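Right, one structure below, let's go through it.
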Amino acid sequence: KDDDKAVINLGNQLSVGYIVELEKFVEAARENLIEIHSVLFQEAVSGRHENELQKMKILELELL
């Protein structure tokens, strides 16, 4: 019975660690994708809509 509890506790610790690392990865990937999108968007519109891009960044920060 103690072994079962130990295995369950270990599983829970691994799950929590995995979730934390996954959250870090997702956040880093999201930031990278936003940066890539911003660069591509700027190139696509040749700077004509730079103001809209800035608004998007501000809204993004407000949502977080």
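Bear in mind that the values in this text are calculations on the coordinates, not laboratory data. Since we're looking at a predicted model, the values are computed, not measured. Every residue, glycine as well, gets a Cβ built from its backbone with ideal geometry; the counts of neighbours run over all protein chains shown.
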**Prompt:** Angle between the Cα long axis of helix 50-63 and the longest principal axis of the chain, 0 to 90 degrees, nearest 10?
**Reply:** 30
**Asked** Which Rg and Dmax, in Å, describe the Cα atoms of the chain?
**Response** 20.5, 68
**Prompt:** Using the alpha-carbon atoms, what tilt in degrees (0 to 90, nearest 10) does helix 2-45 show relative to the longest principal axis of the chain?
**Reply:** 10
**Asked** Which value at 222 nm does the chain reach when only helices count, each DSSP H run of 4 or more adding -39,500 (n - 2.57), with the total divided by all residues and rounded to the nearest 500 deg cm²/dmol?
**Response** -32500 deg cm²/dmol
**Options 37, 9, 51, ranked by Cα towards positive dipole end of region 2-63, top entry (Cβ charges)** = 51
